[in-house]
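Report on the following structure.
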Amino acid sequence: MSTLENTNAPAGTGANVEDQLSGGSTTTVPNTPRRLRAVPENATAGDVTALRAEMQVAALQVDDWPPYGSSAWLRLDPKDPRVYAATLEAAEQHRRATAERQRLDWLMDNDPVEWWREITADANAYAARQGHVIAARRTAAEIRAARSNATNRPPHQLRATPGWPPIAVPGRPGKYLTPGQESTT
């Protein structure tokens, strides 16, 4: 086994790999067998993948790019580094969404109470922020009671005002209420 096979060398053969390992003239970063200090011991594959994607975008030296698949992205020259940056971003978003979906599926199968707490956390937080608004609203029972009471009110007592003309008594044609009368009988 050669010394190249013992290292974490990238795929390739011959002088190119040896040149990379020795920090040669190629533009790639040399791949030495030492561990990266930026990656913690307990880092997951997803953490390392995210770091790698960020480093690749940083190496492209682009600050902004159109969304992957957009018409602006499609108009870019295929050799434009922004095409690759948008592709990396889309791949990373897909990886994260897939990982989150798998985590929630696992949680649903193994701890349904915790799963329910997590998927309703945003709704619960919103409800907590809107609690005073919700508490001020009338319940359905209160609305029904108010409607019922609106049709069951006691009759209005007519009172004539001095200086005003007599009031016609509803339901009694030809009867009028004048000031000083308290009843329509």
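A residue that is at positive phi and open to solvent by 80 Å² or more (accessible area, probe 1.4 Å) occurs nowhere in the range 149-157. In the range 56-68, how many residues are closer than 26 Å to E100 by Cβ and surrounded by 11 or more Cβ atoms within 10 Å (Cβ to Cβ)? Residues that pass the stated criteria total 6. Against the condition open to solvent by less than 80 Å² (accessible area, probe 1.4 Å), under 30 Å from E54 (Cβ atoms) and modelled with pLDDT of 90 or more, how does E89 come out, does it pass? The answer is yes for E89. Applying the set (1) surrounded by 11 or more Cβ atoms within 10 Å (Cβ to Cβ); (2) more than 19 Å from the chain's Cα centre (by Cα); (3) farther than 30 Å from T44 by Cα to D111 leaves exactly one unmet item: (3). Within the range 154-168, residues that are among the basic types (K, R) sit with their Cβ atoms under 9 Å from residues that are in a loop (DSSP other than H, G, I, E, B) and surrounded by 10 or more Cβ atoms within 10 Å (Cβ to Cβ), at 6+ positions apart or across chains, in these pairs: R159/P179; R159/Q181; R159/E182.
Pairs linking a residue in the range 136-153 that is modelled with pLDDT under 90 to a residue that is assigned to a loop (DSSP other than H, G, I, E, B) and among the β-branched types (V, I, T), with Cβ atoms under 8 Å and 6 or more positions apart or on different chains, do not occur.
Let's see how each residue does on (1) charged (D, E, K, R); (2) open to solvent by 50 Å² or more (accessible area, probe 1.4 Å); (3) touching a residue at least 40 places away in the same chain (Cβ under 8 Å); (4) on the phi > 0 side of the Ramachandran plot:
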| site | (1), (2), (3), (4) |
| --- | --- |
| V48 | no, yes, no, no |
| E54 | yes, yes, no, no |
| R82 | yes, yes, no, no |
| A85 | no, no, no, no |
| Q102 | no, yes, no, no |
| A121 | no, no, no, no |
| A127 | no, no, no, no |
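The values are calculated or read from the model by the stated rules, or taken from the named source; none is laboratory data. Everything quoted here is computed from the prediction, not taken from an experiment. Counting neighbours? That spans all protein chains shown, and the Cβs are built from the backbone with ideal geometry, glycine included. Remember, those area values only see protein heavy atoms, side chains included, never the ligands or the DNA or RNA. Shrake-Rupley method; radii C 1.70, N 1.55, O 1.52, S 1.80 Å.
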